[in-house]
1. To the nearest 0.05, what FRET efficiency results for B:R30 and B:E80 with a Förster distance of 22 Å applied to their C-beta separation?
2. Quick one: check the C-alpha center-to-center distance for segment A:290-348 versus segment A:84-99, whole angstrom.
3. About the Cα centre, and with charges only on the beta carbon of Lys, Arg (+1) and Asp, Glu (-1), how big is the dipole of the protein assembly as shown? Nearest 20 debye, please.
4. In whole percent, what relative contact order does segment A:277-377 give with Cα contacts below 8 Å and a gap of six or more residues?
5. Given a Förster distance of 22 angstrom, what is the FRET efficiency for A:A245 paired with A:A187, based on the Cβ-Cβ distance and rounded to 0.05?
6. Considering Cα pairs under 8 angstrom that are at least six residues apart, work out the relative contact order of chain A and quote it in whole percent.
7. With a 10 Å Cβ neighbour count serving as the proxy for reagent exposure, in which order, fewest first, do A:D160, A:D170, B:D78 appear?
8. Which residue, B:P71, B:G50, B:M86, has the largest displacement toward the positive end of the dipole of segment B:49-116 when charges sit on each Cβ (Lys, Arg +1; Asp, Glu -1)?
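Read-outs throughout are calculated quantities, based only on the coordinates presented, and are distinct from any laboratory measurement. Predicted model, so just to flag it, every value in this text is computed and none were measured. Glycine gets a Cβ as well: all are built from the backbone with ideal geometry, and neighbour counts include every protein chain shown.
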Amino acid sequence: MSFITGVGLTSFGRREGCSTLDLMSMAAESALADAGLARRDIDGILCGYSTVQPHIMLATVFAEHFGIQPQYAHAVQVGGGTGMAMAMLAHILVSSGVAKNVLVVAGENRLTGQTRDAAVQSLAQVGHPVFEVPLGPTIPAYYGLVASRYMHEHGVTEEDFAVLAVLMRDHALMHPGAQFNEPITVAEVMASKPIATPLKLLDCCPVSDGGAAFIVSRDDASRHGVKVIGAGQAHTHQYVTTAPALSDLGAGPALARASEQRGIAIKNVRYAAIYDSFTITLAMLLEDLGLAKRGEASARARNGDFGVNGALPLNTHGGLLSYGHCGVGGAMAHLVETHLQMTGRAGHRQVKDASLALLHGDGGVLSSHVSMFLEQV
Amino acid sequence: MPDAADWTTGKDALNYQACRACKHIFYIRRAFCPQCGAGEPETKTASGRGVVYAETLVHRAPVPEAREHVPYKIVLVDIEEGARVMAHGTLDLKIGDRVVAGYRPFLGGLVPLFGKI
Ligand SMILES: [Zn+2]
């Protein structure tokens with residue numbers, strides 16, 4: 001058994017002068033304070049990677065910098081799925097008695113720490129170095145390929161994707177830490193400049209500076225812990241060229257593995273935190289996870305179901321699309337927001353009922369999937 | 001490694017591999033079959049004919065050197081031998097189009113460029 005006992009999140013966007021370690025430290029400090037723990041209480045550290053500050057031992061670099069001598073520490077790399085993979089591993093470590101309090105932390109000055117060209121170029125390397133990268137693809141191009149096929153098979157339109165971008169922006173407007181604070185319309189998403197068809201600028205998450213952290217504990221001394229009640233993964237491929245058919249991607253299997261321990265039914269989920277690197281990612285994952293019928297993610301969004309007052313509030317902080325995406329910390333913000341919602345601390349974004357939450361992250365090009373269920377104590 | 005000369009090494013050809021044990025067909029070259037593990041898969045040259053599975057028109061280039069080429073089309077093509085490949089395509093390509101491979105220089109190398117049959 002494990003509890004998430006503390007969370008920390010910086011604002012995302014331009015954080016001039018902040019290094020990777022600065023952003024990690026800020027988020028970790030907030031998470032510790034939130035959990036009511038001191039540095040000496042932390043006996044495990046998991047951290048993500050930083051493309052701006054690559055290091056073969058980032059967890060111990062951070063541990064030394066922050067002032068912790070953990071019994072267990074290393075970095076984890078699952079692309080965009082890293083945050084949820086770390087949450088799952090921390091849950092396993094705590095449940096099995098290896099550690100009492102695991103600090104999970106990530107941060108990166110991805111926006112101001114490098115040029116935009118360097119960011120785009122380094123991310124494109126997720127493709128195959130011989131059979132894909134020489135063709136000049138980008139991350140949006142990999143997802144553009146997926147989106148073209150998804151539209152072809154399921155009759156989804158570009159407007160359907162745009163609705164999800166608007167939803168995430170509407171949510172970000174309620175969060176002072178979000179990178180974007182100007183409202184957008186479907187028409188503006190449709191008119192935004194093409195990046196890799198059918199994806200346009202506003203279908204894509206931004207590059208951000210930011211940090212996020214949380215603490216997974218054996219005992220809930222904070223009195224606002226939420227319980228991890230299931231987690232599962234699936235890894236079907238690395239490259240989009242070798243991906244299975246759209247119907248055989250990993251979200252479903254990861255969800256099934258996360259559900260089976262407690263026999264959780266998807267219809268009982270009250271809050272959803274779903275990876276949204278692109279609008280297509282969010283649409284597909286919502287439907288693959290059964291949170292919307294096939295081809296109907298946008299219809300549910302149009303109906304208000306995913307809003308703060310809807311039947312299934314979704315990414316109420318604005319998600320990667322509008323809160324921002326600082327690398328590993330980006331998807332960890334989804335977990336931080338889920339925790340705030342489940343503990344009644346989301347202020348004017350507070351939803352009525354977040355008693356059971358489903359979180360889902362993916363890395364690569366829908367390559368690696370991690371699902372997790374959290375329950376109110 | 002068997003004869004690997006194709007577009008990835010600058011030759012105007014598209015190769016794939018076939019497992020001698022389980023008959024699995026695959027594209028990304030290696031010294032064993034990723035399905036059954038058998039060694040020494042056969043490297044074959046594809047006819048170049050296939051069908052477009054997915055397509056995207058890239059407007060934002062990943063590297064400055066690619067900027068002069070935008071927009072360029074990237075496609076996934078199911079070649080008739082049974083593998084899926086990533087390549088360039090002519091700007092008019094749509095999903096389901098029957099295509100054949102040609103080649104063009106791109107960023108200092110040679111890349112396959114599919115066009116309608
Ligand atoms: Zn085989």
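1. Working: r = 22 Å, r/R0 = 1.00.
Plugging the Cβ-Cβ distance into 1/(1 + (r/R0)^6) gives 0.50.
2. If you average the Cα positions of each part, the centres end up 24 Å apart.
3. The dipole of the protein assembly as shown has a size of about 360 debye.
4. Averaging sequence separation for qualifying contacts and normalising by length gives 17 percent for segment A:277-377.
5. The computed FRET efficiency comes out at 0.05.
6. Answer for chain A is 26 percent.
7. Working: A:D160 22, A:D170 18, B:D78 15.
The most exposed by this proxy come first: B:D78, A:D170, A:D160.
8. Toward the positive end, the furthest listed residue is B:P71.
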